[in-house]
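The values are calculated or read from the model by the stated rules, or taken from the named source; none is laboratory data. Here the structure is a predicted model, which means the values were calculated and not measured. Positions of Cβ are backbone-derived with ideal geometry, glycine not excepted, and every protein chain shown enters the neighbour counts. Surface accessibility is based on the protein's heavy atoms, side chains included, excluding ligands, DNA and RNA. Shrake-Rupley method; radii C 1.70, N 1.55, O 1.52, S 1.80 Å.
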Amino acid sequence: MAVVVAIISIVISLIGGIMFGVIGGGIAISLGVLAMMVGLMKKKNKQAGNGGIIIGTIATIIGFIMVALMYGLAKDVEKRARDQGFDRLAECAPSLEFGMTSFSKEVERRGYNMDDIVEEFNKLE
């Protein structure tokens, strides 16, 4: 049980972190901690629990990395876009914190062309 939850947490942290940013990373952290706790309870009851503890720890670390990565990416892109005069990208960049899904919704909400935004993104130095 603990290993299954930990593996699900790793998948959610990687895919969910990219698609949903800090929300996906936060869910992955919670599931990783749950896997560690279940693994510790099994180990306390003299059952095998090392897999859940180890994979749960890895999943929790990956979740924290994804949260920091998406938060930092959003701030960095916004700052660079403002400094280089890409106002449309700078307006949409904070939504990267909540993943690519949120970013694309923000571009659409503002009525911008995604191809133009991607072009600005590719020009960032």
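On the given criteria, is Leu73 open to solvent by 80 Å² or more (accessible area, probe 1.4 Å) and within 26 Å of Ser13 (Cβ to Cβ)?
The answer is no for Leu73.
Which one is farthest from Gly26 (Cα to Cα), of the residues in the range 93-125 that are of a type in the set (Ser, Thr, Tyr) and in a helix (DSSP H, G or I)?
Applying the first criterion (of a type in the set (Ser, Thr, Tyr)) to the range 93-125 yields 95, 101-102, 104, 112.
When the remaining residues are screened for being in a helix (DSSP H, G or I), the result is 95, 101-102, 104.
Numbers: Ser95: 16, Thr101: 16, Ser102: 16, Ser104: 21 Å.
Among them, the one singled out is Ser104.
Are there helices (runs of 4 or more DSSP H) fully within the range 1-73 with at least 1 residues that are small (Gly, Ala, Ser) and touching a His at 6+ places or on another chain (Cβ under 7 Å)? List them.
Passing ranges: none, list empty.
So the check is Cβ under 6 Å with 6+ separation or different chains; which pairs have a first residue in the range 59-84 that's free of Cβ contacts under 8 Å to residues at least 40 places away in the same chain and a second one that's surrounded by fewer than 21 Cβ atoms within 10 Å (Cβ to Cβ) and not hydrophobic (A, V, I, L, M, F, W, C)?
Going by the 6 Å Cβ cut-off, the qualifying pairs are Glu78/Pro94.
Out of Val38, Val22, report the one residue that is at pLDDT 85 or above, under 28 Å from Leu124 (Cβ atoms) and open to solvent by less than 40 Å² (accessible area, probe 1.4 Å).
Going through Val38, Val22 in turn, just one is at pLDDT 85 or above, under 28 Å from Leu124 (Cβ atoms) and open to solvent by less than 40 Å² (accessible area, probe 1.4 Å): Val22.
Please go through the range 93-125 and pick out each residue that is surrounded by 19 or more Cβ atoms within 10 Å (Cβ to Cβ) and either closer than 15 Å to Phe20 by Cα or of a type in the set (S, T, N, Q) (or both).
Ala93, Ser95, Leu96, Glu97, Phe98, Gly99, Ser102, Phe103 - these are the residues of the range 93-125 that are surrounded by 19 or more Cβ atoms within 10 Å (Cβ to Cβ) and either closer than 15 Å to Phe20 by Cα or of a type in the set (S, T, N, Q) (or both).
I'd like the full set of residues that are in a helix (DSSP H, G or I) and either under 17 Å from Met19 (Cβ atoms) or open to solvent by 40 Å² or more (accessible area, probe 1.4 Å) (or both), limited to the range 79-92. Before the answer, list the steps.
Just the residues of the range 79-92 that are in a helix (DSSP H, G or I), to begin with: 79-83, 87-92.
Hits for the range 79-92 are Lys79, Arg80, Arg82, Asp83, Asp87, Arg88, Glu91, Cys92.
Of all residues in the range 1-48, which are touching a residue at least 60 places away in the same chain (Cβ under 8 Å) and among the hydrophobic types (A, V, I, L, M, F, W, C)?
Ile18, Met19, Phe20, Val22, Ile23
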